[in-house]
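J.: Sending over a structure as structure tokens; questions will come in a sec.
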Amino acid sequence: MYRELLIFAIVNIYQNILLAKKEGKKLLAVLIDPEKIDLENIAIFFEKVHQSIATHIFIGGSTDVDNQTENVVSEIKKITHLPIVLFPGDVSQISEKADGILFLSLLSGRNPEYLIEQQIKSVPFLKNSNLEILPTGYILVDGKKETATQRVSNTKPIQQDNLELILNTALAGQFSGKNLIYIEAGSGAIEAVNQKIIKEVSGSLNIPLIIGGGIRSKKQLENAFNSGADIVVIGTAFENDDSFFLDLKK
Ligand code: 1GP
């Protein structure tokens, strides 16, 4: 019975996100880049993850030159009970061993490759897999640093002062059936997504909002949550100094 409950809890990633939103519980995803994670020390890293308020593990990066995703997912799966969600830069970063996948469309860009082509290419891998598919509108905003997403996708981010365009893009995502909207300032952004954007977009959407890029302090995390982010994604700050988890203890 317990096992069934546990499996239910893991496989219904989206239902759990909706439930958390309804109950006003905030979610924190730890982003692991397969190109950067040190697998030798992963057990120690995850001890800290598990003591923190982290609720999800996202795995992905703009590139994965050495095809490490599958291996990294397998290793992490062995040591965590948290749901593992792929956050793929492209179709090569799909592993059936994860629990779910952010099925991303880069709505801020105008490159068909990342609006629909990669998605079509992923279908042969996804259609027979057990991965929970999470349709996600992905919006890149300017974080004052050229990001890998920008380079790889050959698209431009939306300026953060163009609130109307950001808002309309997010709503266009919702109207076209996305289940999540992810506003991203880019990994290692100098300027995280500002609170005004988070407030306006979360106030207009009726689907959960994910915020990521450049968040490196507890204060910034709280500001994002208080402004209306349902899920915050942090990668670089944990990569640089995993003692940050100690600031975020349960
Ligand atoms: C990047 O939103 C994520 O895609 C996380 O960004 O690495 O800056 O935390 P950071």
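J.: Restrict the check to the range 143-155 and report whether at least one residue is over 19 Å from residue 211 (Cα atoms), of a type outside the set (Ser, Thr, Tyr) and crowded, with 20+ Cβ neighbours inside 10 Å.
T.: Taking every residue of the range 143-155 in turn, none turns out to be over 19 Å from residue 211 (Cα atoms), of a type outside the set (Ser, Thr, Tyr) and crowded, with 20+ Cβ neighbours inside 10 Å.
J.: Scan the range 23-37 and give yes if some residue there is assigned to a helix (DSSP H, G or I) and either at pLDDT 95 or above or more than 19 Å from residue 234 (Cβ to Cβ) (or both), otherwise no. Before you say what the answer is, go through the steps one by one.
T.: Of the range 23-37, the ones assigned to a helix (DSSP H, G or I) are none.
The answer is no; no qualifying residue exists.
J.: Residues of the range 60-81 being free of Cβ contacts under 8 Å to residues at least 60 places away in the same chain and either outside any helix (DSSP H, G or I) or among the hydroxyl-bearing types (Ser, Thr, Tyr) (or both), which ones? Walk me through it before giving the result.
T.: Our first condition is that a residue be free of Cβ contacts under 8 Å to residues at least 60 places away in the same chain; within the range 60-81, this holds for 60, 64-80.
Scanning the range 60-81 gives 60, 64, 65, 66, 67, 68, 69, 74, 80.
J.: Got a number for residues in the range 221-250 being of a type in the set (Phe, Trp, Tyr) and within 13 Å of the ligand (Cβ to nearest atom)?
T.: Final tally of qualifying residues: 2.
J.: Please go through the range 151-165 and give me each residue that is more than 14 Å from residue 185 (Cβ to Cβ) and touching a residue at least 40 places away in the same chain (Cβ under 8 Å), ordered by number.
T.: 151, 152, 153, 154, 155
The values are calculated or read from the model by the stated rules, or taken from the named source; none is laboratory data. Just so it is clear, the structure is predicted and the values come from calculations on it, not from any experiment. Don't worry about glycine lacking a Cβ; one is built from the backbone with ideal geometry, like all the others, and counts go over all protein chains shown.
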